[in-house]
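Engineer: Got a structure for you, questions after.
The values are calculated or read from the model by the stated rules, or taken from the named source; none is laboratory data. Not measured: the values here are computed from a predicted model. Every residue, glycine among them, receives a Cβ derived from its backbone with ideal geometry; neighbour counts consider all protein chains shown. Protein only, heavy atoms only, side chains kept; ligands, DNA and RNA dropped before computing areas. Shrake-Rupley method; radii C 1.70, N 1.55, O 1.52, S 1.80 Å.
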Amino acid sequence: MIRKRIPRQDDKVILQLVDMLLVPYARLTQPDLRIDMSTIKQRLKPCSTYVSVHAGRAPQGFIALRKVQDVMYIDMLAVHPQSQGRGVGSRLMEHAERAAVLAGFKELRLWVDDTNTQAQRFYASKQYTTLHHNNVIRCYLMSKEVKLD
């Protein structure tokens, strides 16, 4: 089941997922990067964040969507390693695409670290295409036109 984030219930797991799965890539360009609960809460504040849960357990993964001017971005996506390969990320992406369309957006964008080849393959399998590479942050900007089926 995918549901809206409940901060008191979900943020500890979200922090763990970000620290385990996203921060190692970010440290390649920001070696002193540190995150804590305050950082996560601030990062998620302008986002619509959804979690994937199974049978009432802790979140298996999450996705955060952020509107930037007239574009919807996937700000963060992380799925616990034990849940990867089981469709959790795909369901979160489908939810994000549906939410973007319902909010009036025709395109969804995201940044992915250039060394995170697993994530790049995942996004490409969802028909996201690379728009360009930013050498400063060492990330690819990827995009997909979205519509309801």
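Engineer: Being over 15 Å from Ile63 (Cβ atoms), under 15 Å from the mean Cα position of the chain (by Cα) and either of a type in the set (A, V, I, L, M) or not in a strand (DSSP E or B) (or both) is the filter here, so list the residues in segment 118-149 that pass it.
Structural biologist: Hits for segment 118-149 are Gln118, Gln120, Arg121, Ala124, Leu141.
Engineer: Can you pull out every residue in segment 1-19 that is in a helix (DSSP H, G or I), of a type outside the set (A, V, I, L, M) and open to solvent by 10 Å² or more (accessible area, probe 1.4 Å)?
Structural biologist: Within segment 1-19, Pro7, Arg8, Gln9, Lys12, Gln16, Asp19 qualify.
Engineer: Looking only at segment 51-105, how many residues end up being in contact with a Ser or Thr (Cβ under 8 Å, 6 or more places away or on another chain), among the hydrophobic types (A, V, I, L, M, F, W, C) and open to solvent by less than 10 Å² (accessible area, probe 1.4 Å)?
Structural biologist: So the answer is 6.
Engineer: In this structure, does Ser48 turn out to be under 21 Å from Tyr128 (Cβ atoms), open to solvent by less than 80 Å² (accessible area, probe 1.4 Å), polar (S, T, N, Q) and touching a helix residue (DSSP H, G or I) at 6+ places or on another chain (Cβ under 6 Å)?
Structural biologist: It is false that Ser48 is under 21 Å from Tyr128 (Cβ atoms), open to solvent by less than 80 Å² (accessible area, probe 1.4 Å), polar (S, T, N, Q) and touching a helix residue (DSSP H, G or I) at 6+ places or on another chain (Cβ under 6 Å).
Engineer: Could you please let me know if Asn134 is out of contact with any Cys (no Cβ under 6 Å at 6 or more places or on another chain), closer than 25 Å to Pro24 by Cα and in contact (Cβ under 8 Å) with a residue 60 or more places away in the chain?
Structural biologist: No: the conditions fail for Asn134.
Engineer: Mind listing whichever residues of segment 25-45 are within 25 Å of Asn135 (Cα to Cα) and either basic (Lys, Arg) or assigned to a loop (DSSP other than H, G, I, E, B) (or both)?
Structural biologist: Arg27, Leu28, Thr29, Gln30, Pro31, Asp32, Leu33, Arg34, Ile35, Arg43
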